[in-house]
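The values are calculated or read from the model by the stated rules, or taken from the named source; none is laboratory data. Remember, it's a predicted structure, so these values are computed and weren't measured experimentally. Glycine also receives a Cβ, built like all others from the backbone with ideal geometry; neighbour counts cover every protein chain displayed.
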Amino acid sequence: MDVAQLKRQLFEYTTLLFHEGFLDEQFTQLQQLQDENNPDFVVEVVSLFFDDSERLLNELATALDQQNIDFNKVDAHVHQLKGSSSSIGAQRVQRVCIAFRNSCQDKNVEGCLKCLQEVKHEYSLIKNKLEILFNLEKQILAAGGSPPV
Amino acid sequence: MMPGETMSKQVAGAASPDPRSAGSGKAMMGNGAGASWAAVPEKKKLSVLIVDDDSTIRTIHTILVNRVGVEVEPKVAENGQVAVDLFRTGESFDLVLMDWEMPVMNGIEATRELRKMGVGAMIVGVTSHSMDTEKETFMAAGLDDCYGKPLSIKILKNILEKMKIDD
(Lines give C-alpha, C1' and ligand atoms only; values in the text may rest on other atoms or scores of the structure.)
Protein backbone atom coordinates (compact mmCIF):
# COMPACT_ATOMS: atom_id res chain seq x y z
CA MET A 1 0.00 0.00 0.00
CA ASP A 2 1.42 3.44 -0.86
CA VAL A 3 1.73 6.41 1.49
CA ALA A 4 -1.34 8.19 0.11
CA GLN A 5 -3.53 5.12 0.62
CA LEU A 6 -2.18 4.61 4.14
CA LYS A 7 -2.79 8.26 5.00
CA ARG A 8 -6.35 8.02 3.74
CA GLN A 9 -6.86 4.86 5.77
CA LEU A 10 -5.47 6.59 8.88
CA PHE A 11 -7.68 9.62 8.32
CA GLU A 12 -10.81 7.49 7.89
CA TYR A 13 -9.98 5.33 10.89
CA THR A 14 -9.32 8.35 13.14
CA THR A 15 -12.54 10.00 11.95
CA LEU A 16 -14.45 6.84 12.81
CA LEU A 17 -12.98 6.76 16.33
CA PHE A 18 -14.20 10.31 16.89
CA HIS A 19 -17.57 9.61 15.25
CA GLU A 20 -18.16 6.54 17.44
CA GLY A 21 -17.25 8.50 20.56
CA PHE A 22 -14.10 6.55 21.43
CA LEU A 23 -12.03 9.73 21.29
CA ASP A 24 -12.76 13.39 21.90
CA GLU A 25 -10.98 16.66 21.17
CA GLN A 26 -8.49 16.09 23.99
CA PHE A 27 -6.81 13.49 21.79
CA THR A 28 -6.48 16.12 19.04
CA GLN A 29 -4.89 18.48 21.57
CA LEU A 30 -2.37 15.77 22.47
CA GLN A 31 -1.55 15.27 18.79
CA GLN A 32 -0.99 19.00 18.45
CA LEU A 33 1.62 18.87 21.22
CA GLN A 34 3.70 16.38 19.24
CA ASP A 35 6.58 17.94 17.32
CA GLU A 36 10.19 17.27 16.35
CA ASN A 37 11.28 17.75 19.98
CA ASN A 38 8.74 15.16 21.17
CA PRO A 39 8.13 12.94 18.14
CA ASP A 40 6.67 10.07 20.19
CA PHE A 41 4.73 12.22 22.61
CA VAL A 42 1.26 10.75 21.92
CA VAL A 43 2.49 7.15 22.03
CA GLU A 44 4.38 7.86 25.28
CA VAL A 45 1.38 9.48 26.99
CA VAL A 46 -1.00 6.78 25.78
CA SER A 47 1.42 4.06 26.97
CA LEU A 48 1.41 5.69 30.40
CA PHE A 49 -2.39 5.64 30.25
CA PHE A 50 -2.35 1.92 29.40
CA ASP A 51 0.02 1.14 32.31
CA ASP A 52 -1.97 3.22 34.80
CA SER A 53 -5.32 1.86 33.62
CA GLU A 54 -4.24 -1.77 33.89
CA ARG A 55 -2.91 -1.19 37.39
CA LEU A 56 -6.11 0.62 38.41
CA LEU A 57 -8.39 -2.03 36.88
CA ASN A 58 -6.54 -4.74 38.82
CA GLU A 59 -6.79 -2.71 42.03
CA LEU A 60 -10.50 -2.16 41.41
CA ALA A 61 -11.12 -5.87 40.88
CA THR A 62 -9.28 -6.64 44.13
CA ALA A 63 -11.10 -3.91 46.07
CA LEU A 64 -14.52 -5.10 44.85
CA ASP A 65 -13.67 -8.70 45.71
CA GLN A 66 -13.42 -7.97 49.47
CA GLN A 67 -16.04 -9.01 52.02
CA ASN A 68 -16.29 -5.45 53.31
CA ILE A 69 -15.83 -3.18 50.34
CA ASP A 70 -14.04 0.09 51.02
CA PHE A 71 -16.09 2.32 48.69
CA ASN A 72 -13.86 5.32 49.34
CA LYS A 73 -10.90 3.35 48.04
CA VAL A 74 -12.87 2.15 45.02
CA ASP A 75 -14.03 5.71 44.34
CA ALA A 76 -10.44 7.01 44.55
CA HIS A 77 -9.28 4.46 41.95
CA VAL A 78 -12.19 5.30 39.64
CA HIS A 79 -11.51 9.01 40.06
CA GLN A 80 -7.93 8.45 38.92
CA LEU A 81 -9.03 6.36 35.95
CA LYS A 82 -11.55 9.04 35.01
CA GLY A 83 -8.80 11.69 35.15
CA SER A 84 -6.28 9.80 33.04
CA SER A 85 -8.87 8.68 30.46
CA SER A 86 -10.07 12.27 30.19
CA SER A 87 -6.49 13.48 29.74
CA ILE A 88 -5.95 11.36 26.61
CA GLY A 89 -9.49 11.87 25.28
CA ALA A 90 -10.72 8.30 25.90
CA GLN A 91 -14.28 9.55 26.12
CA ARG A 92 -16.16 6.27 26.50
CA VAL A 93 -13.92 5.07 29.33
CA GLN A 94 -14.41 8.42 31.03
CA ARG A 95 -18.21 8.17 30.70
CA VAL A 96 -18.34 4.73 32.31
CA CYS A 97 -16.16 6.10 35.13
CA ILE A 98 -18.79 8.76 35.85
CA ALA A 99 -21.49 6.07 36.23
CA PHE A 100 -19.03 3.97 38.27
CA ARG A 101 -18.49 6.82 40.73
CA ASN A 102 -22.25 7.25 41.14
CA SER A 103 -22.54 3.56 42.06
CA CYS A 104 -19.66 3.99 44.53
CA GLN A 105 -21.37 6.92 46.18
CA ASP A 106 -24.58 4.86 46.46
CA LYS A 107 -22.51 1.93 47.83
CA ASN A 108 -24.18 -0.16 45.15
CA VAL A 109 -22.10 -3.35 44.89
CA GLU A 110 -23.99 -4.74 41.89
CA GLY A 111 -23.74 -1.40 40.11
CA CYS A 112 -20.00 -1.21 40.81
CA LEU A 113 -19.40 -4.74 39.52
CA LYS A 114 -21.39 -3.98 36.37
CA CYS A 115 -19.44 -0.76 35.83
CA LEU A 116 -16.14 -2.60 36.35
CA GLN A 117 -17.05 -5.01 33.56
CA GLU A 118 -18.10 -2.10 31.32
CA VAL A 119 -14.98 -0.07 31.98
CA LYS A 120 -12.78 -3.13 31.34
CA HIS A 121 -14.61 -3.66 28.05
CA GLU A 122 -14.31 -0.02 26.98
CA TYR A 123 -10.66 0.04 28.00
CA SER A 124 -9.83 -3.05 25.92
CA LEU A 125 -11.69 -1.54 22.95
CA ILE A 126 -9.85 1.80 23.06
CA LYS A 127 -6.51 0.08 23.67
CA ASN A 128 -7.02 -2.11 20.63
CA LYS A 129 -8.16 0.81 18.47
CA LEU A 130 -5.29 3.08 19.50
CA GLU A 131 -2.81 0.30 18.80
CA ILE A 132 -4.26 -0.04 15.29
CA LEU A 133 -4.02 3.75 14.84
CA PHE A 134 -0.36 3.83 15.99
CA ASN A 135 0.41 0.86 13.76
CA LEU A 136 -0.99 2.73 10.75
CA GLU A 137 1.19 5.73 11.65
CA LYS A 138 4.24 3.43 11.84
CA GLN A 139 3.42 2.01 8.41
CA ILE A 140 3.21 5.54 6.99
CA LEU A 141 6.62 6.40 8.48
CA ALA A 142 8.09 3.13 7.21
CA ALA A 143 6.78 3.94 3.73
CA GLY A 144 8.60 7.28 3.84
CA GLY A 145 5.64 9.52 4.71
CA SER A 146 4.71 11.59 7.75
CA PRO A 147 1.40 10.99 9.55
CA PRO A 148 -1.07 13.87 9.14
CA VAL A 149 -2.15 15.71 12.31
CA MET B 1 -18.75 24.66 34.54
CA MET B 2 -17.02 22.91 31.62
CA PRO B 3 -13.52 21.42 31.78
CA GLY B 4 -10.92 24.05 31.13
CA GLU B 5 -13.15 26.88 32.34
CA THR B 6 -11.72 29.10 35.00
CA MET B 7 -12.95 30.28 38.32
CA SER B 8 -11.10 33.36 39.37
CA LYS B 9 -10.61 34.49 42.97
CA GLN B 10 -13.14 37.28 42.41
CA VAL B 11 -15.83 34.76 41.42
CA ALA B 12 -15.13 32.42 44.30
CA GLY B 13 -15.14 35.09 46.96
CA ALA B 14 -12.32 36.64 48.91
CA ALA B 15 -12.46 34.32 51.90
CA SER B 16 -9.22 32.61 50.98
CA PRO B 17 -6.17 33.27 53.12
CA ASP B 18 -3.77 35.06 50.83
CA PRO B 19 -0.49 36.19 52.34
CA ARG B 20 0.11 38.40 49.32
CA SER B 21 -2.84 40.59 50.21
CA ALA B 22 -0.80 42.05 53.01
CA GLY B 23 1.61 43.41 50.44
CA SER B 24 0.95 45.04 47.14
CA GLY B 25 -1.76 42.56 46.19
CA LYS B 26 0.28 41.68 43.15
CA ALA B 27 1.74 38.34 42.16
CA MET B 28 5.11 37.83 43.79
CA MET B 29 7.69 35.43 42.50
CA GLY B 30 9.25 32.54 44.40
CA ASN B 31 8.26 31.61 47.93
CA GLY B 32 7.01 35.02 48.92
CA ALA B 33 10.38 36.44 49.84
CA GLY B 34 11.43 36.97 46.23
CA ALA B 35 11.15 39.89 43.87
CA SER B 36 8.10 40.77 41.81
CA TRP B 37 7.66 39.88 38.15
CA ALA B 38 8.60 43.38 37.08
CA ALA B 39 11.96 43.07 38.76
CA VAL B 40 12.68 39.80 36.99
CA PRO B 41 14.62 40.04 33.76
CA GLU B 42 12.53 39.21 30.67
CA LYS B 43 14.40 35.95 30.04
CA LYS B 44 14.21 34.67 33.63
CA LYS B 45 13.66 30.95 33.88
CA LEU B 46 10.26 30.36 35.47
CA SER B 47 10.09 27.52 37.93
CA VAL B 48 6.88 25.53 37.85
CA LEU B 49 5.85 22.76 40.24
CA ILE B 50 3.37 20.23 38.87
CA VAL B 51 1.58 18.43 41.71
CA ASP B 52 -0.53 15.47 40.57
CA ASP B 53 -0.74 11.78 41.45
CA ASP B 54 -1.64 10.90 37.84
CA SER B 55 1.53 10.25 35.84
CA THR B 56 -0.33 10.81 32.55
CA ILE B 57 -1.35 14.29 33.66
CA ARG B 58 2.15 15.04 34.99
CA THR B 59 3.63 14.14 31.60
CA ILE B 60 1.10 16.19 29.64
CA HIS B 61 1.49 19.22 31.88
CA THR B 62 5.29 18.98 31.79
CA ILE B 63 5.23 19.04 27.98
CA LEU B 64 2.66 21.88 28.02
CA VAL B 65 4.76 23.95 30.39
CA ASN B 66 7.73 23.45 28.10
CA ARG B 67 5.69 24.76 25.17
CA VAL B 68 4.44 28.07 26.48
CA GLY B 69 7.11 30.18 24.87
CA VAL B 70 8.95 31.28 27.98
CA GLU B 71 11.89 29.53 29.50
CA VAL B 72 10.45 27.25 32.13
CA GLU B 73 11.82 24.60 34.41
CA PRO B 74 9.09 22.22 35.56
CA LYS B 75 9.38 19.89 38.51
CA VAL B 76 6.83 17.30 39.57
CA ALA B 77 5.44 16.04 42.88
CA GLU B 78 3.10 13.03 43.19
CA ASN B 79 1.11 14.37 46.14
CA GLY B 80 0.56 17.48 48.26
CA GLN B 81 2.93 16.37 51.01
CA VAL B 82 5.84 16.14 48.55
CA ALA B 83 5.03 19.66 47.34
CA VAL B 84 4.92 21.06 50.88
CA ASP B 85 8.19 19.29 51.74
CA LEU B 86 9.88 20.80 48.68
CA PHE B 87 9.02 24.31 49.90
CA ARG B 88 10.02 23.40 53.48
CA THR B 89 13.46 22.31 52.30
CA GLY B 90 13.98 25.72 50.74
CA GLU B 91 12.94 25.16 47.13
CA SER B 92 10.84 27.92 45.62
CA PHE B 93 8.57 28.02 42.61
CA ASP B 94 6.90 30.83 40.71
CA LEU B 95 3.87 28.75 39.77
CA VAL B 96 2.31 25.65 41.33
CA LEU B 97 -0.20 23.59 39.33
CA MET B 98 -2.08 21.77 42.08
CA ASP B 99 -4.36 18.74 41.68
CA TRP B 100 -7.18 18.30 44.19
CA GLU B 101 -7.58 14.58 44.87
CA MET B 102 -4.27 12.96 45.77
CA PRO B 103 -3.20 10.36 48.33
CA VAL B 104 -1.28 11.29 51.53
CA MET B 105 -2.13 15.01 51.29
CA ASN B 106 -4.74 16.41 48.92
CA GLY B 107 -4.55 19.71 47.05
CA ILE B 108 -6.78 21.60 49.47
CA GLU B 109 -4.68 20.63 52.50
CA ALA B 110 -1.42 21.30 50.63
CA THR B 111 -2.59 24.73 49.43
CA ARG B 112 -3.71 25.71 52.95
CA GLU B 113 -0.40 24.52 54.36
CA LEU B 114 1.62 26.41 51.75
CA ARG B 115 -0.30 29.65 52.39
CA LYS B 116 0.13 29.13 56.16
CA MET B 117 3.87 28.86 55.53
CA GLY B 118 3.72 32.22 53.77
CA VAL B 119 4.24 30.86 50.27
CA GLY B 120 3.28 33.61 47.86
CA ALA B 121 3.74 31.71 44.61
CA MET B 122 0.83 31.62 42.22
CA ILE B 123 -1.07 28.41 42.99
CA VAL B 124 -3.49 27.26 40.34
CA GLY B 125 -5.89 24.41 41.03
CA VAL B 126 -6.22 21.84 38.27
CA THR B 127 -9.07 19.49 38.96
CA SER B 128 -11.57 17.12 37.41
CA HIS B 129 -14.19 18.40 39.87
CA SER B 130 -16.54 20.32 37.64
CA MET B 131 -19.15 21.79 39.98
CA ASP B 132 -18.82 25.49 40.76
CA THR B 133 -19.34 24.81 44.48
CA GLU B 134 -16.51 22.25 44.46
CA LYS B 135 -14.20 24.72 42.76
CA GLU B 136 -15.19 27.39 45.29
CA THR B 137 -14.12 25.01 48.07
CA PHE B 138 -10.75 24.54 46.39
CA MET B 139 -10.37 28.28 45.73
CA ALA B 140 -11.07 29.03 49.40
CA ALA B 141 -7.97 27.05 50.39
CA GLY B 142 -5.89 29.88 48.91
CA LEU B 143 -5.75 29.31 45.16
CA ASP B 144 -5.25 32.13 42.70
CA ASP B 145 -7.24 30.35 39.99
CA CYS B 146 -8.85 27.03 39.24
CA TYR B 147 -9.24 25.14 35.95
CA GLY B 148 -10.50 21.80 34.70
CA LYS B 149 -7.85 19.22 33.88
CA PRO B 150 -5.94 18.71 31.74
CA LEU B 151 -4.84 22.25 30.95
CA SER B 152 -4.53 23.45 27.37
CA ILE B 153 -1.72 25.59 26.00
CA LYS B 154 -4.16 28.49 25.72
CA ILE B 155 -5.09 28.29 29.41
CA LEU B 156 -1.48 27.95 30.50
CA LYS B 157 -0.55 31.02 28.45
CA ASN B 158 -3.42 32.90 30.11
CA ILE B 159 -2.10 31.90 33.53
CA LEU B 160 1.39 33.17 32.71
CA GLU B 161 -0.08 36.32 31.23
CA LYS B 162 -2.04 36.90 34.45
CA MET B 163 1.16 36.55 36.46
CA LYS B 164 2.54 39.46 34.45
CA ILE B 165 -0.65 41.53 34.52
CA ASP B 166 -1.17 41.04 38.25
CA ASP B 167 2.27 42.47 38.92
Of those in region B:115-167 that are closer than 24 Å to residue B:85 by Cβ and of a type in the set (Lys, Arg), the residue modelled with the lowest pLDDT is B:149
Scanning region A:96-122 residue by residue, those away from every other protein chain (no Cβ under 14 Å) and either among the hydrophobic types (A, V, I, L, M, F, W, C) or touching a residue at least 60 places away in the same chain (Cβ under 8 Å) (or both) turn out to be A:96, A:99, A:109, A:112, A:113, A:115, A:116, A:119, A:120
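Output the residues belonging to region A:14-60 that are at negative phi and more than 14 Å from chain B (Cβ to nearest Cβ). Reasoning before the result, please.
To start, the set of residues in region A:14-60 that are at negative phi comprises A:14-20, A:22-60.
Passing the criteria: A:14, A:15, A:16, A:17, A:18, A:19, A:20, A:22, A:23, A:57, A:58, A:60.
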| said: Would you confirm whether or not region A:54-62 contains a residue that is surrounded by fewer than 21 Cβ atoms within 10 Å (Cβ to Cβ), closer than 19 Å to residue A:115 by Cβ, among the small types (Gly, Ala, Ser) and at pLDDT 95 or above? | reply: yes
Within region B:48-86, of all residues that are surrounded by fewer than 20 Cβ atoms within 10 Å (Cβ to Cβ) and in contact (Cβ under 8 Å) with a residue 60 or more places away in the chain, the one nearest to the other protein chains (Cβ to nearest Cβ) is B:67
Going through region A:22-60 in order, the residues found to be over 21 Å from residue A:145 (Cα atoms) and not in a helix (DSSP H, G or I) are A:22, A:23, A:24
Wholly inside region B:87-167, strands (runs of 3 or more DSSP E) that include 2 or more residues that are within 14 Å of chain A (Cβ to nearest Cβ) and surrounded by fewer than 18 Cβ atoms within 10 Å (Cβ to Cβ) are none
Going through region A:61-95 in order, the residues found to be of a type in the set (Asp, Glu) and more than 13 Å from chain B (Cβ to nearest Cβ) are A:65, A:70
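Within region B:43-55, restricting attention to residues that are modelled with pLDDT under 85 and outside any loop (DSSP other than H, G, I, E, B), which residue is farthest from residue B:159 (Cα to Cα)? Quick ask: steps written out before the conclusion?
Here is the first cut: in region B:43-55, the ones modelled with pLDDT under 85 are B:43-46, B:55.
With outside any loop (DSSP other than H, G, I, E, B) added as a condition, the list becomes B:46, B:55.
On the way: B:46: 13, B:55: 22 Å.
Applying the filter and picking the extreme gives B:55.
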Discussion item. Tell me whether region A:14-21 contains one or more residues that are part of a loop (DSSP other than H, G, I, E, B) and of a type in the set (D, E, K, R).
Written reply: yes
Per the filter on region A:102-128, residues of a type outside the set (A, V, I, L, M), surrounded by fewer than 18 Cβ atoms within 10 Å (Cβ to Cβ) and in a helix (DSSP H, G or I) are A:102, A:105, A:110, A:111, A:114, A:117, A:118, A:120, A:121, A:124, A:127, A:128
